[in-house]
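The block underneath contains the structure these notes are about, expressed in structure tokens.
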Amino acid sequence: MGFVIGYRRPDAPDTALVWQVAVDDAQRGRGLAGKLLDGLFERLVADGVRYLDTTITPDNDASIRLFESFAKRWDAPLERTALFAANDFPDEHEPEDLFRIGPLGKA
Ligand SMILES: CC(C)(COP(=O)(O)OP(=O)(O)OC[C@H]1O[C@@H](n2cnc3c(N)ncnc32)[C@H](O)[C@@H]1OP(=O)(O)O)[C@@H](O)C(=O)NCCC(=O)NCCS
């Protein structure tokens, strides 16, 4: 029904980059993506991760909301910066913003 994939940055092991999160069309809007992220980061934070990084295209409302809600639930600051502009890509592509959430697991 859904998955989340990512990796821990080799040069910054306190940071996990969420590469993709997706939920089947028919299962969206029920909190599944949020639960997948919470479950993954409960394990990662217990293992020393303090930051979540992800890139999002500015038109992806569902994804932006997903990560804003994650930051709220985890009581962590969210920093948003422009990472790639549309003309950084060789083909047609939306810009990508970097979202960085953390520090996680303060409590
Ligand atoms: C982004 C995606 C994974 C969200 O999955 P989901 O299981 O429906 O998300 P959740 O039900 O956990 O919702 C998370 C939040 O986003 C909100 N949301 C969900 N769909 C939304 C939409 N289309 N527009 C605005 N907000 C939306 C929910 O209301 C919820 O907000 P809340 O926590 O304030 O209540 C899903 O829409 C998807 O697979 N999209 C296509 C793939 C994609 O773009 N992935 C992200 C790129 S990495």
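The values are calculated or read from the model by the stated rules, or taken from the named source; none is laboratory data. None of the values given here were measured: they were computed from a predicted structure. Here Cβ is always computed from backbone atoms with ideal geometry, including for glycine, and neighbour counts include all displayed protein chains. In case anyone asks, the SASA skips ligands and DNA or RNA and just uses the protein heavy atoms, side chains included. Shrake-Rupley method; radii C 1.70, N 1.55, O 1.52, S 1.80 Å.
Residues in region 77-94 that are assigned to a loop (DSSP other than H, G, I, E, B) and either aliphatic (A, V, I, L, M) or open to solvent by less than 40 Å² (accessible area, probe 1.4 Å) (or both): 1 in all. Consider region 18-76 and keep the residues that are within 12 Å of the ligand (Cβ to nearest atom), in a helix (DSSP H, G or I) and of a type in the set (Asp, Glu). The one that is nearest to MET1 (Cα to Cα) is ASP25. Annotation note: Cβ proximity below 7 Å between a residue of region 19-31 that is over 12 Å from SER63 (Cα atoms) and a residue that is outside any strand (DSSP E or B) and open to solvent by 50 Å² or more (accessible area, probe 1.4 Å) (sequence gap 6+ or interchain) occurs for ASP24/MET1; GLN27/MET1.
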